[in-house]
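One structure is given here, and the rest of the page talks about it.
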Amino acid sequence: MYYRFMVMERLGTDLQKISDQNGTFKKSTVLQLGIRMLDVLEYIHENEYVHGDIKAANLLLGYKNPDQVYLADYGLAYRYCPSGNHKQYQENPRKGHNGTMEFTSLDAHKGVALSRRSDLEVLGYCLLQWLCGRLPWESCLRDPVAVQTAKTNLLDELPESVFKWAPSRSSCCEIAQYLVCAHNLAYDEKPNYQMLKKILNPGGIPLGPLEFSAEGRSVNVHTPNNHKVDLQKAATKQVNQMQNSFLETDVHSERSAESCATWRKVQKEKPIELLNKDTAQESTRRRQKYYESQERLNEVKSPPQKDGCMQFPNSFYEPQQDFTSPDMFNESRRPPWCTRTSTTRTEVTGLKPSTLSEETKADVYFYGIIILFLLIGILSLYFL
C-alpha cells in the first residue's frame, strides 16, 4: 500500500473570518489586496492555468507574516491554454453557473471554459464586496439566472452601476475603472497586469501593512520581469511543481470523462472561420465600449475635489447603507437586479422558448437509439 503526502507551509486565518468580524475593509486595504492578488494571478496565468474560485475564504494570511496573502483552494483550477493553444469560446448550458454563485464570472454562468478574464472579473466582484459590504445580487443567490442577469446589467452599465451601488462616487472610482478594463478584454486576450495594478495604485506607492496585520513592515509591489516566473527557493519550486502535476491529473480526468461525447462535438462545432469572425466582432464591440466607459469615467473625475478619487487614502472607509431598503438607488428607476427579463444584448438561458439546438437534437437521437436497443433486448428475452 502506498500513500501520497504533500507538505505545505503553515498559514494563518482566512480573509472571510476577518470580514465576518470587522465588516467592510478600508479602501486602502481593498486596493492593496487587489494588487497582491494580481501578482498571484499573473503567476498562475503565465503557467497556463486559471484559478476560477477567488473569494475571501480562499485568501489566507501568512502565519508569521500576516502582510503576506496566499491564494488557496485550486479545486476549480483549469488549464486554459494547453500546449500554447488557447481554448475556443463555446457556450455549454449544461455546465453553466459553476463556481461560487456570488463571484462566478459571466463566462462560467454560460458554461464557457474559464479564461484569464474570468479570474479578473471575479476579483473585481470581490473588491466591490470588500469595500461596500455586499453585492447587488446577494438577495437572488437561489436563482442562478437572476444572478447572471444582475451581473450582466452591472457590467453593461459601467461605470455608473458601480457608482450607484456605492454610497460615494469617489470611494470606488478605481474599482469601477478596473471592472471596465476587465470586462472589455477579449476571451483569449492577455491582460495588461501592470496597467491594472496602476489603476489600483496610480502613484506607485509601496504597499504598507494591512489594517488587520500586527506587523509594521512595508511590502513593495512585486513586478515579475520574465514571462515564466522563476522561484528563488528550490523547495518552493518543488511544491509548485507538485501542485501543477495534481492540476494536470484533474484536467486529464475531466477530458477522459468527456471523451465519450467526442463524436457529437464534431458534429456541432462551428467552422474555425466563423469562430474567428465572431471573436473579432466581439473584440471590436468590447473595445468600443471600453472607450465609451473611459469617457464617462473622465466626466466623473473632471470636477475638482479635495480628495481625488484616484488617491490612496489612509483613513477607514465604512459605508453606511441601509441594506434593508427596498430600493438602494431611487424609486423612479428600479434596477433589474433580481428580474428575469434582461434588456441587454446578452441572452439569458431559459427566459423564453426557443427551438432545439443541434446539440440537443443529437442528444435526443443518441438516447433514443439506446432506449430502442434496450426495448428490443427486453422483448427478445421475454419471447425466448
Please name all residue pairs, on different chains or six or more residues apart, with Cβ atoms under 6 Å, provided the first residue is in segment 185-204 and is within 23 Å of Val30 (Cα to Cα) and the second residue is of a type in the set (D, E, K, R) and surrounded by 14 or more Cβ atoms within 10 Å (Cβ to Cβ).
Leu185/Arg117; Pro191/Arg116; Tyr193/Glu42; Ile199/Glu174; Leu200/Glu174
Expected output for segment 362-384 (first residue assigned to a helix (DSSP H, G or I), partner surrounded by 10 or more Cβ atoms within 10 Å (Cβ to Cβ), Cβ below 8 Å, 6+ apart or cross-chain) is Ala362/Arg264; Ala362/Gln267; Ala362/Lys268; Asp363/Arg264; Val364/Leu356; Phe366/Arg264
Residues of segment 191-226 being surrounded by 15 or more Cβ atoms within 10 Å (Cβ to Cβ), at pLDDT 75 or above and in contact with a helix residue (DSSP H, G or I) (Cβ under 7 Å, 6 or more places away or on another chain), which ones?
Pro191, Tyr193, Leu196, Lys197, Ile199, Leu200, Asn201, Leu207, Leu210
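Which residues, counting only those in segment 171-190, are touching an Asp or Glu at 6+ places or on another chain (Cβ under 9 Å) and either buried (at least 20 other Cβ atoms within 10 Å of the Cβ) or within 15 Å of Leu127 (Cα to Cα) (or both)?
Residues of segment 171-190 touching an Asp or Glu at 6+ places or on another chain (Cβ under 9 Å): 176, 179, 182-183, 185-187.
Result: Ala176, Leu179, Ala182, His183, Leu185, Tyr187.
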Every residue from segment 50-76 that is assigned to a loop (DSSP other than H, G, I, E, B), of a type outside the set (S, T, N, Q) and closer than 13 Å to Leu33 by Cα:
Ile54, Lys55, Pro66, Asp67
Looking at the structure I just gave you, is Thr149 at pLDDT 95 or above and β-branched (Val, Ile, Thr)?
yes
Give me the residue from segment 51-95 that is among the aromatic types (Phe, Trp, Tyr) and surrounded by fewer than 18 Cβ atoms within 10 Å (Cβ to Cβ) and, out of that set, modelled with the lowest pLDDT.
Tyr63
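The values are calculated or read from the model by the stated rules, or taken from the named source; none is laboratory data. This structure is a prediction, so every number in the text was calculated from the model and none was measured. Using ideal geometry, Cβ is built from the backbone for each residue, glycine included, and neighbour counts are taken over all protein chains shown.
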